[in-house]
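Reading through the structure tokens given below for one structure.
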Amino acid sequence: MSKRAYNFNAGPAALPLEVLERAQAEFVDFRESGMSIMEMSHRGAIYESVHNEAQERMLSLLGNPSGYKVLFLQGGASTQFAMIPMNFLGEGQQANYVMTGSWAGKALKEAQLIGKTHVAATSEASKYMDLPRLDDIKLSDHPAYLHMTSNETIEGTQFKAFPDIGSVPLICDMSSDILSRPFDLNQFAMVYAGAQKNLGPSGVTVVLAREELISESPKHLPTMLRYSTHSGNNSLYNTPPSFGIYMINEVLKWIEERGGLQGIEESNRKKAELIYDAIDGSEGFYSGCVNPDSRSHMNVTFRLASEELEKAFIKASEQEGFVGLKGHRSVGGLRASIYNAVPYESCKALVDFMAHFKQQNA
Ligand SMILES: *Cc1c(COP(=O)(O)O)cnc(C)c1O
């Protein structure tokens, strides 16, 4: 068997080996059809069963909340940044955003192109190294919705809880932590995520939304940019990214096999604690970037005493088979992305490497 890297890529990111092997086994002849899933009609019975299975599994993992639809869209989470205000921000309303860093900022910027916005809370004062308290979120008059980013992939912060804002729709970008822990979908009007971090390959964006929110969209919008188009056609208005959706279905099976979201959360907590403990126990050789209360269990960001030492760390790590430990170019430092599919063994290998590197360089 070929050797697998210790893969800490931020996205596209590691996929479960079991899923890759399953996909490989049925790659050229899917369910005895004599073709791969990529080669068949998206209107045929075989593909449609995979499509519907993936939707059902997604809701089942979330406890089958009633009144929600699962959409499979394209254009990444970045297209959602624009579709959300296009579809939901009406005349005389304001789109409310919680500003927590790079991705929240990009979402806000798109809304500013469409209409009136309001920053309901921000952690700019700490350069986004912590999160606003839920009590500090102050909605504008006539809020169309409140948008939050559950996990800031670049800075390495993650909300542990979400506010109750009554009848105002709460919309959440969960691109980098969806299905990494249990959450109550009923708290949200809509949740969305690019698949390439926790769900599957790039090319699919999953949207979970209340049916009444997406059943009607403004008529002036282009057809593909209306949620109602996709909702009314079971995400089959045009050709869906069928291979990606098949892979998501396999990843969802893999999550079920690991005890569902509770099982996954437990395994993610162990991985995160292992690495944060290595940072905190390093007598200052490594330092975590984020206020401990706001730390992400998905993206662990940390620094060394100098950029020179960080460069040496990355170089030495690459020689040992580690991939993706360089921080995002906008913030520097180091980052270990430890999404669902990153095995505990990779995290253990990383803390062993960190100890060794410290010994050599402290
Ligand atoms: C990666 C990421 C995005 C961007 O996703 P694309 O699918 O590349 O558009 C948006 N939000 C968050 C939180 C992300 O981590």
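The values are calculated or read from the model by the stated rules, or taken from the named source; none is laboratory data. If you're wondering where the values come from, they're calculated on a predicted model, not measured in any experiment. Here the Cβ positions follow ideal geometry from the backbone for every residue, glycine too, while neighbour counts run over all protein chains shown.
Go through segment 181-194 and give me each residue that's more than 8 Å from the ligand (Cβ to nearest atom), out of contact with any Leu (no Cβ under 7 Å at 6 or more places or on another chain) and more than 19 Å from Ala272 (Cβ to Cβ). Within segment 181-194, Asp184, Asn186, Tyr192 meet the criteria. Out of (1) surrounded by 13 or more Cβ atoms within 10 Å (Cβ to Cβ); (2) under 25 Å from the mean Cα position of the chain (by Cα), what's the single condition that is false for Glu21? Checking Glu21 against (1) surrounded by 13 or more Cβ atoms within 10 Å (Cβ to Cβ); (2) under 25 Å from the mean Cα position of the chain (by Cα), the one that fails is (1). Within segment 51-64, the presence of a residue that is within 25 Å of Tyr192 (Cα to Cα), within 16 Å of the ligand (Cβ to nearest atom) and touching a residue at least 12 places away in the same chain (Cβ under 8 Å) is excluded.
A Cβ distance below 7 Å, combined with a sequence gap of six or more or placement on separate chains, defines the contacts here; from segment 316-327, residues that are within 21 Å of Tyr344 (Cβ to Cβ) reach residues that are assigned to a helix (DSSP H, G or I) in the pairs Ser317/Phe353; Glu320/Phe353; Phe322/Leu350; Phe322/Phe353; Leu325/Ile314; Leu325/Ser317.
If you go through segment 209-258 and keep only what is part of a loop (DSSP other than H, G, I, E, B) and in contact with a Phe, Trp or Tyr (Cβ under 8 Å, 6 or more places away or on another chain), you end up with Ser217, Ser235, Pro240, Pro241.
Yes/no matrix, rows are residues, columns are (1) over 15 Å from Asn361 (Cα atoms); (2) part of a loop (DSSP other than H, G, I, E, B); (3) not assigned by TED's automatic domain parsing to the domain that holds Ser123:
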residue	(1), (2), (3)
Glu283	no, yes, yes
His297	yes, yes, yes
Ala312	no, no, yes
Lys315	no, no, yes
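With respect to Asn238, is the statement that it is more than 16 Å from the ligand (Cβ to nearest atom) and either closer than 30 Å to Val300 by Cα or small (Gly, Ala, Ser) (or both) true? Give the steps one after another, and end with the answer.
On the way: more than 16 Å from the ligand (Cβ to nearest atom): yes; either closer than 30 Å to Val300 by Cα or small (Gly, Ala, Ser) (or both): no.
Considered against the rule, which asks whether it is more than 16 Å from the ligand (Cβ to nearest atom) and either closer than 30 Å to Val300 by Cα or small (Gly, Ala, Ser) (or both), Asn238 comes out as no.
Does Ile264 satisfy being away from the ligand (no atom under 16 Å from the Cβ), in contact with a helix residue (DSSP H, G or I) (Cβ under 8 Å, 6 or more places away or on another chain) and not assigned by TED's automatic domain parsing to the domain that holds Trp103? In short, yes. Search segment 1-15 for residues being over 16 Å from the mean Cα position of the chain (by Cα) and under 30 Å from Val331 (Cα atoms), and hand back the single one that is nearest to the ligand (Cβ to nearest atom). Among those residues, the one meeting the criterion is Asn7.
Evaluate the following for Thr79: is it more than 16 Å from the ligand (Cβ to nearest atom) and of a type in the set (Val, Ile, Thr)?
For Thr79, the condition - more than 16 Å from the ligand (Cβ to nearest atom) and of a type in the set (Val, Ile, Thr) - is not met.
Only one residue in Ile214, Ile178, Ile165, Ile171 is closer than 21 Å to Leu134 by Cβ, of a type outside the set (S, T, N, Q) and away from the ligand (no atom under 16 Å from the Cβ). Which one? Reasoning before the result, please.
On the way: Ile214 fails: closer than 21 Å to Leu134 by Cβ; Ile178 fails: away from the ligand (no atom under 16 Å from the Cβ); Ile171 fails: away from the ligand (no atom under 16 Å from the Cβ).
Going through Ile214, Ile178, Ile165, Ile171 in turn, the sole match is Ile165.
Given the condition within 16 Å of the ligand (Cβ to nearest atom), outside the structural domain of Gly324 (by TED's automatic domain parsing), surrounded by fewer than 24 Cβ atoms within 10 Å (Cβ to Cβ) and not hydroxyl-bearing (Ser, Thr, Tyr), answer yes or no: does some residue in segment 145-158 qualify? Scanning segment 145-158, I find at least one residue that is within 16 Å of the ligand (Cβ to nearest atom), outside the structural domain of Gly324 (by TED's automatic domain parsing), surrounded by fewer than 24 Cβ atoms within 10 Å (Cβ to Cβ) and not hydroxyl-bearing (Ser, Thr, Tyr), so the answer is yes.
Hey, any hits in segment 94-105 for a residue that's modelled with pLDDT of 95 or more, more than 19 Å from Gln187 (Cβ to Cβ) and β-branched (Val, Ile, Thr)? No, because not a single residue in segment 94-105 is modelled with pLDDT of 95 or more, more than 19 Å from Gln187 (Cβ to Cβ) and β-branched (Val, Ile, Thr).
Go through segment 317-330 and give me each residue that's touching an Asp or Glu at 6+ places or on another chain (Cβ under 9 Å) and not in a loop (DSSP other than H, G, I, E, B).
Lys326
Restricting segment 24-47 to residues that are assigned to a loop (DSSP other than H, G, I, E, B) and among the aliphatic types (A, V, I, L, M), the residue that is farthest from the chain's Cα centre (by Cα) is Met35.
Answer yes or no: is there a residue in segment 326-344 that is among the small types (Gly, Ala, Ser), over 23 Å from Ser150 (Cα atoms), out of contact with any strand residue (DSSP E or B) (no Cβ under 9 Å at 6 or more places or on another chain) and surrounded by fewer than 22 Cβ atoms within 10 Å (Cβ to Cβ). Walk me through how you get there before you give the answer.
Going residue by residue through segment 326-344, those that are among the small types (Gly, Ala, Ser) are 327, 330, 332-333, 336-337, 341.
Within this subset, residues satisfying the condition of being over 23 Å from Ser150 (Cα atoms) are none.
The answer is no; no qualifying residue exists.
Per-residue answers, yes or no, for (1) out of contact with any helix residue (DSSP H, G or I) (no Cβ under 6 Å at 6 or more places or on another chain); (2) surrounded by fewer than 22 Cβ atoms within 10 Å (Cβ to Cβ):
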position	(1), (2)
Glu273	yes, yes
Phe285	no, yes
Asn299	yes, no
Phe302	no, no
Ile314	yes, yes
